[in-house]
Amino acid sequence: MRIIAGDFRGRRLTPVGKGDAGAHLRPTTDRVRESLFNMLAGGRFGEPFEDAQVLDLFAGTGALGLEALSRGAAHVTLVENGRVGAKLIRANIALLGCGDRARMLGADATRLPAAGTPCSLVFLDPPYGKDLGARALDAAHKGGWIAPGALIVWEENAPQPAPEGFVPLDTKRYGDTTVTLLEAR
């Protein structure tokens with residue numbers, strides 16, 4: 001895995017090794033990440049990375065949030081409660097030297113503490129088919145993590161309906177991954 005574009009372009013991230021099947025650690029492939037970020041940067045969504053506060057729920061390795069940071073986000077909070085994922089995120093933050101703009105929060109994404117600053121860009125990549133995405137969005141919304149008008153990028157194995165408080169924008173399929181884009185009301 002590597003950072004695709006921006007300040008950290010081409011930098012390799014910490015190898016996942018055997019990963020953590022029990023925690024459903026399933027990093028987004030470079031190809032899917034590149035397609036996704038090209039779509040987001042294509043103008044339809046304005047400048048989603050520029051000076052953004054980013055929330056990466058079920059962050060895994062942190063690749064999505066760190067890619068956004070590389071492309072101009074001001075800060076990213078990476079939420080991961082898996083032992084292996086948290087270790088990989090800490091290693092990737094150290095590898096990129098971005099500890100002043102990235103925070104690893106060891107928490108259950110469905111039970112978040114109150115936020116200090118609401119985020120304008122949210123990545124949501126829960127374990128597929130476990131019905132955790134909507135619960136995590138609800139927790140983030142209630143905890144003040146999501147700014148009005150925030151762009152939500154939700155990865156799952158199928159299109160996801162917009163929960164209350166969110167408006168559907170688009171759905172894209174990349175192999176066995178479906179990305180549902182939502183906007184916070």
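When the Cα centres of segment 111-167 and segment 50-76 are compared, how far apart do they sit, in Å?
Value for the Cα centre distance between the two parts: 14 Å.
Using Cα pairs under 8 angstrom and six or more residues apart, how large is the relative contact order of the chain, in percent?
Values: 379 pairs, mean separation 32.2, N = 185.
Here the relative contact order equals 17 percent.
Quick check: residue separation of Ala107 and Val167 times 0.36 nm, minus the Cα distance between them. What number comes out in nm?
19.0 nm
Taking segment 81-185, which chymotrypsin sites (Phe, Trp or Tyr not before Pro) meet the DSSP loop condition and have no more than 16 other C-beta atoms within 10 Å?
Numbers: sites: Phe123, Tyr128, Trp145, Trp154, Phe166, Tyr174; in loops: Tyr128, Trp145.
Answer by residue number: Tyr128.
Calculate for the chain the 222 nm mean residue ellipticity that helices alone would give, adding -39,500 (n - 2.57) per DSSP H run of length 4 or more and normalising by residue count, nearest 500 deg cm²/dmol. Before the final figure, lay out the partial values.
On the way: 4 runs with 43 residues, N = 185.
Dividing the helical sum by the residues of the chain leaves -7000 deg cm²/dmol.
Using Cα positions and a limit of under 17 Å, work out the aspartates and glutamates in reach of Lys87, with same-chain residues fewer than 8 apart set aside.
Asp20, Asp56, Asp108
In segment 63-124, which trypsin sites (Lys or Arg not before Pro) fall in coil by DSSP and have 12 or fewer other Cβ atoms within 10 Å?
Working: sites: Arg71, Arg83, Lys87, Arg90, Arg101, Arg103, Arg111; in loops: Arg71, Arg101, Arg111.
Qualifying residues, ordered by number: Arg111.
Which residue fluctuates most in the GNM of the chain (Cα springs below 10 Å): Asp51, Asp125, Asp100?
Answer for the Gaussian network model of the chain: Asp100.
Counting Lys +1, Arg +1, Asp -1, Glu -1, what net charge surrounds Ala59 among other residues with beta carbon under 10 Å of its beta carbon?
On the way: positive: none; negative: Asp56, Glu80, Asp125.
With Lys, Arg at +1 and Asp, Glu at -1, the neighbours total -3.
For the chain, what does the alpha-carbon gyration tensor say about shape, rounded, prolate or oblate, given a ≥ b ≥ c as the root eigenvalues, a/c under 1.5 as rounded, and a/b over b/c as prolate?
Values: a/c = 1.23, a/b = 1.16, b/c = 1.06.
Rounded, since a/c falls under 1.5.
Where a number appears in this text, it was derived from the coordinates with a stated rule and is not lab data. Everything numeric here is computed off the predicted structure, so don't read it as measured data. Don't worry about glycine lacking a Cβ; one is built from the backbone with ideal geometry, like all the others, and counts go over all protein chains shown.
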